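Note sheet for the following structure.
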Amino acid sequence: MDATALADVAAECTLDAEIAKAATTVDVASDPAAQFSVLQQVREAMLSGDRPRAAPRSVILDSWRRSLAARVDPEHFRPPVVYKPEDVPDVRSAHPLRDVLPLLRELLVSIADQSSYVMIVTDAAGTILWREGPAGLCRIADPVGLCEGTGWAEGAIGTNAMGTALAVDAPVQIYSAEHLVRTYHPWTCAAAPVHDPDSGRTLGVIDISGLLHELHPAVVTLVSASARLAESHLRRQMEMRDERLRVKHLPRLIGLRGEPGALVTATGRVIAAEPFGGPWPERLAIRPGSDRVPLADGREALVEPLPEGYLVRLPRTAPAPPRPILSLSFLGDRPVAVLDGRELPLTLRHAELLALLALRPAGLTAEQLALQLYGDDGNPTTVRAEIHRLRAQLGEAAMTAKPYRLRAEVEADFLTVRDALRSGDIRAAVAAAHAPLLARSEAPAIRAERDQLVTALRSAVLDTQDHEALWTFGQSEPGSEDIEVFERLVAESPARDPRQAVAAARLAWLLKEDDEAPTISRHTGARRSID
């Protein structure tokens, strides 16, 4: 059965809660024979296209789909040999997890000896580099390829704790017939990934494997805790290396005498900088052999290699390139964006993205943008695709990622209104606010910003004694249907002001419309919200 057919069967099957519970909880460990029987029946039914008596766990079903899509034969039992036995020691010596082996031996090997498990450590590709445990169990493991140098990625040998933990980047326990390949049904295993504290990438997994009758439900907790301890050990080692680099080379950093500089690890992490809080990010992408590295503001810093890292400095004479100028005219129905004098073709969605980023200069993640554009149903993947197209128009000089942020100098009419209101310049605010922000947008965050801006502007205008500001607001789209605004204009206009007649005529028309359409919320003499 292929992965598509398996998915169809999975969609049709109904979960029997009691059987599913028996197949996945502590009760199973107390009766391995029942465990084996139930899971074999589920596997055979799923692979043959029949409806199983119980649904497999979601993590198992997903893994089976991936494995079958990779054309793993459920009856094939041998994992590929990635490293010959004579090559394994050299691979181990170069792998970062070699430093945690003493800790793992202390934690797990003694337990493995007592409980008839083997402890396994793989690399990031799922290749076994270390396997330690009782000699008798190791002799049973050798013929089925559970030994150093073999590859246990899902795409090579199907569902298994090592490969599946790497695939989902989380601790996993696999029971007997949950293994896709029949050969491993007598086995159970639990594995957890270990991550590099520097880069965050996966270094490999720690696994405990044993025969089914030796199963204990706490083994996945044990292996997960061991992985976290291994990561803590690696982090302490990283911090010690950082401190050695700081102590040894801090005098060179201080010796720059005020010139911006940073000490950077061999992997690009900034661990010390002068002046504090200067132009340095958390990490720099320094290419091996390069004597320069670009900064987010467009400048280039000089790179000086050190034995354990780099000294990066920014000469005072390096001029900062001018930032692009991005002008946004977003008040009204037709949004316009101009970058350095060139008008950009603009969809409403791209206008919404630019507005949100202009309102949040510190930047937003894809998840935050998805929430603000679509609400709780927002999909970050959709946002990333839109941002990718928008960045292609703007260029990296105008927009950065992680988080998404505008690097350009932004001039926006809606920001002008907001800034004028905050400074108390009501005339400047109403002069700029001729229409609502992105009037056609239904994005939750844009609607909220639009309503808040109109409400704040209306409140400020009605609170002021500035007749000119009140008149200008009445000519704008937000104020043109506001009864209270025109009542004030009629009542407070100077007797000889010719505009009083215009205001009176407009007020009479609004009152007539209000009488003819009583469901519309216009209340004479009272402020109302502008929809």
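The values are calculated or read from the model by the stated rules, or taken from the named source; none is laboratory data. The structure displayed is predicted, hence computed values, not measured ones. Neighbour counts are summed over all protein chains in view; Cβ atoms, including those assigned to glycine, are modelled from backbone coordinates with ideal geometry. Keep in mind that these areas ignore ligands, DNA and RNA; they rest on the heavy atoms of the full protein, side chains included. Shrake-Rupley method; radii C 1.70, N 1.55, O 1.52, S 1.80 Å.
In table form, for the structure just shown:
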read-out	value
Among the candidates Glu148, Glu132, residue that is in contact with a helix residue (DSSP H, G or I) (Cβ under 9 Å, 6 or more places away or on another chain), without any contact (Cβ under 8 Å) to a residue 40 or more places away in the chain, of a type in the set (D, E, K, R) and closer than 20 Å to Arg98 by Cα	Glu132
Pro380 vs. criteria open to solvent by 20 Å² or more (accessible area, probe 1.4 Å) and in contact with a Leu (Cβ under 8 Å, 6 or more places away or on another chain)	yes
Flag for Ala397 being at pLDDT below 90, aliphatic (A, V, I, L, M) and closer than 28 Å to Gly341 by Cβ	yes
Residue list for the stretch 427-465, restricted to those being open to solvent by less than 40 Å² (accessible area, probe 1.4 Å), in a loop (DSSP other than H, G, I, E, B) and closer than 21 Å to Val502 by Cβ	Ala433, Ala435, Thr464
Some residue of the stretch 219-228 being in contact with a Cys (Cβ under 7 Å, 6 or more places away or on another chain) and either surrounded by fewer than 20 Cβ atoms within 10 Å (Cβ to Cβ) or over 30 Å from Pro305 (Cα atoms) (or both)	no
Tabulated pairs, the stretch 404-421, first farther than 23 Å from Arg334 by Cβ and in a helix (DSSP H, G or I), second open to solvent by less than 30 Å² (accessible area, probe 1.4 Å) and among the aliphatic types (A, V, I, L, M), C-beta under 7 angstrom, 6+ apart or interchain	Leu421/Ala429; Leu421/Leu457; Leu421/Ala460
Tally of residues being over 12 Å from the mean Cα position of the chain (by Cα) and within 15 Å of Leu348 (Cβ to Cβ) across the stretch 369-386	5
Candidates Ala366, Ala362, Ala370, Ala358, filtered to the one that is aliphatic (A, V, I, L, M) and modelled with pLDDT under 90	Ala362
Cross-chain or 6+ apart pairs with Cβ under 7 Å, the stretch 479-501 first and aromatic (Phe, Trp, Tyr), then part of a helix (DSSP H, G or I) and open to solvent by 60 Å² or more (accessible area, probe 1.4 Å)	Phe486/Arg506
Every residue from the stretch 230-266 that is part of a loop (DSSP other than H, G, I, E, B) and closer than 30 Å to Val205 by Cβ	Ala266
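Yes or no, residue by residue, for (1) surrounded by 13 or more Cβ atoms within 10 Å (Cβ to Cβ); (2) more than 20 Å from the chain's Cα centre (by Cα); (3) more than 30 Å from Met240 (Cβ to Cβ):
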site	(1), (2), (3)
Arg316	no, yes, yes
Pro322	no, yes, yes
Asp340	yes, yes, yes
Thr347	no, yes, yes
Leu357	yes, no, yes
